[in-house]
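One structure is given below, encoded as structure tokens.
The values are calculated or read from the model by the stated rules, or taken from the named source; none is laboratory data. If you're wondering where the values come from, they're calculated on a predicted model, not measured in any experiment. All Cβ positions, glycine included, derive from the backbone under ideal geometry; neighbour counts span all protein chains shown.
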């Protein structure tokens, strides 16, 4: 499957790539990494709780990705973790587990009416880990706003939103990502960079990747233009690219990251880190596919998951940005 370099996200980050100041991309390292990475297995995410009802799975996935951000304490750089049966679950894996626990106990979290009225105390009772869940107050505000929008426009149900348009990410304004970003400001993950709008859409893309990955095999829900999906610009993919020597930070930016200094939201540094993640993973995916049979070609989200799965719990420092977008 060919990568759509003209997709909204990939084409927009290319603007930043042409003007990088704070890090660089090593194309030789991309080739060297593809030489061995091409022969690995690329799996789809395995959910720790796959619900029998596909509609409930969609509802839960949309809820999770409304909250899927900021799992590292901004003062101590400690990651949110839980110990479940002697297994440590970190960041979003911990969140997924605890949300599923709450749902199984009868708390219908993914109903818009419940989201709209959720309190700080109720959410803090769900998330009990090694540290307080970062940005808990912001999480409640987001859920309240998203829940109210669902109540006002979609009878409180994500399913009504999902089936209100084509099963495409982009469709002349009617695609899943286009509608999600336009109707729910919390998913409008974009920045201004030197007079141009750069689009990342991390959580919007991640939500539909999770739904497609789980349900496309049953043909219940299959997105038709997955070649337009990019990597999910977060904290973890940049670590993987750094470790693989695909990216190199300037000494000043590298020192900031290693010291746990905050990288400002919408700063040149932050935009360039995220843009490079998206652009470099797209090139790496192409190079991996050049080394694989056509019937074993992968799409960018599969590569993203391979990198995230191997590095999301690492002790390697990652950049920190105070934001609800990732």
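Before moving on, here are some points about what is shown:
Quick grid of which residues meet (1) in contact with a strand residue (DSSP E or B) (Cβ under 7 Å, 6 or more places away or on another chain); (2) in a loop (DSSP other than H, G, I, E, B):
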residue: 197; (1), (2): yes, no
residue: 212; (1), (2): no, no
residue: 216; (1), (2): no, no
residue: 222; (1), (2): no, yes
residue: 237; (1), (2): no, no
residue: 241; (1), (2): yes, no
residue: 248; (1), (2): yes, no
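- Some residue of the range 28-51 being out of contact with any helix residue (DSSP H, G or I) (no Cβ under 7 Å at 6 or more places or on another chain), modelled with pLDDT of 90 or more and buried (at least 20 other Cβ atoms within 10 Å of the Cβ): no
- No other residue among 95, 115 is outside any loop (DSSP other than H, G, I, E, B) and within 27 Å of residue 262 (Cβ to Cβ) apart from 95.
- Residue check for residue 96: touching a strand residue (DSSP E or B) at 6+ places or on another chain (Cβ under 9 Å), buried (at least 19 other Cβ atoms within 10 Å of the Cβ) and modelled with pLDDT under 95: yes
- Flag: residue 307 matches the condition of being surrounded by 14 or more Cβ atoms within 10 Å (Cβ to Cβ), in a helix (DSSP H, G or I), in contact with a helix residue (DSSP H, G or I) (Cβ under 9 Å, 6 or more places away or on another chain) and modelled with pLDDT of 95 or more.
- Some residue of the range 278-296 being under 28 Å from residue 138 (Cβ atoms) and modelled with pLDDT of 95 or more: yes
- Selection from the range 53-68 of residues that are assigned to a loop (DSSP other than H, G, I, E, B) and out of contact with any helix residue (DSSP H, G or I) (no Cβ under 7 Å at 6 or more places or on another chain): 53
So that you can scan it fast, the table gives a plain yes or no per residue for (1) surrounded by 22 or more Cβ atoms within 10 Å (Cβ to Cβ); (2) under 22 Å from residue 62 (Cα atoms); (3) touching a helix residue (DSSP H, G or I) at 6+ places or on another chain (Cβ under 6 Å):
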position	(1), (2), (3)
217	no, yes, no
227	no, yes, no
256	no, no, no
277	yes, no, yes
298	no, no, no
301	yes, yes, yes
312	no, yes, yes
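- Which listed residue, of 24, 12, is part of a strand (DSSP E or B), at pLDDT 95 or above and either surrounded by fewer than 20 Cβ atoms within 10 Å (Cβ to Cβ) or within 19 Å of the chain's Cα centre (by Cα) (or both): 24
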